[in-house]
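Heads up: the structure comes next, in structure tokens.
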């Protein structure tokens, strides 16, 4: 074997594991891209949701921030619905790569539509409050949908607690011979575009929220619903642990 000298190094040969991984990516390229897009936008949504939860505990002071972030997350939410809906469509139309990857666990398939509807109702009623003011139908719908939504999102987040960071780490690793540099940039662009869309929406709707903000200063906004919802979310944690989500979720 020729000796390696400065300026005449031989390229490092890819390992057998890397070769097999690239073969797997070739076979499931669209599926992996979809999973990585879903993981990235889920992380974005998680950060926004945490801000929403914190501001919910101090609405008298942080109602404007709660409102802006609530509108802002509408953009990433559309991306999440689109990416998960695409996987659903491709799987049930029997596209081979998606069929080989398999569906999510049955529990998540049952809870998924309920979580989707609850999320859309909660976000929609929140935007209704911004546009129309603190009307009783919107207030009640927003509060009660949030009470249902909190335990559902807790189950959903626990189920994907390993898959999301693993997918993101895999997407942003700098291993030699990575096959998805363009796809990675596209996924980042989609998420940045979704955030920009949310920023534009918040900027356009913020002036209309004057009535809501004035109402928030003159009315007592208790933390009771927030505490009930968080308590329900905490109660589901012991019941989800026996299901061993990490092994049930495909790709986790």
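Estimated translational diffusion coefficient (Stokes-Einstein, Kirkwood radius over Cα pairs, 37 °C, 0.692 mPa s) of segment 71-119: 277 µm² per second.
Using the Cβ-Cβ distance between residue 106 and residue 214 with R0 set to 41 Å, the FRET efficiency from 1/(1 + (r/R0)^6) comes to roughly 0.30. The label-point distance for residue 143 and residue 232, in a model that sets each label 7 Å from Cα toward Cβ, rounds to 1.3 nm. If a/c stays under 1.5 just call it rounded; otherwise compare a/b with b/c (prolate if a/b is bigger, oblate if not). Do that for segment 38-179, with a ≥ b ≥ c from the square roots of the Cα gyration tensor eigenvalues. Verdict is prolate for segment 38-179.
Under 15 Å from a point 7 Å along the Cα-to-Cβ line of residue 135: which residues of segment 193-234 have their amide N that close? Of the residues in segment 193-234, 209, 211-212 have backbone N under 15 Å from the label point off residue 135.
According to the square roots a ≥ b ≥ c of the eigenvalues of the Cα gyration tensor, what is the shape class of segment 102-216, taking rounded for a/c under 1.5, prolate for a/b larger than b/c otherwise, and oblate for the remainder? Taking the square roots of the gyration eigenvalues as a ≥ b ≥ c, segment 102-216 is oblate.
Every read-out reported here was derived from the displayed coordinates using simple, explicitly stated rules and does not represent laboratory data. Nothing here was measured: the structure is a model prediction, and the numbers come from that model. When we count neighbours, we look across all protein chains shown, and the Cβ atoms used for this are built from the backbone with ideal geometry, even at glycine.
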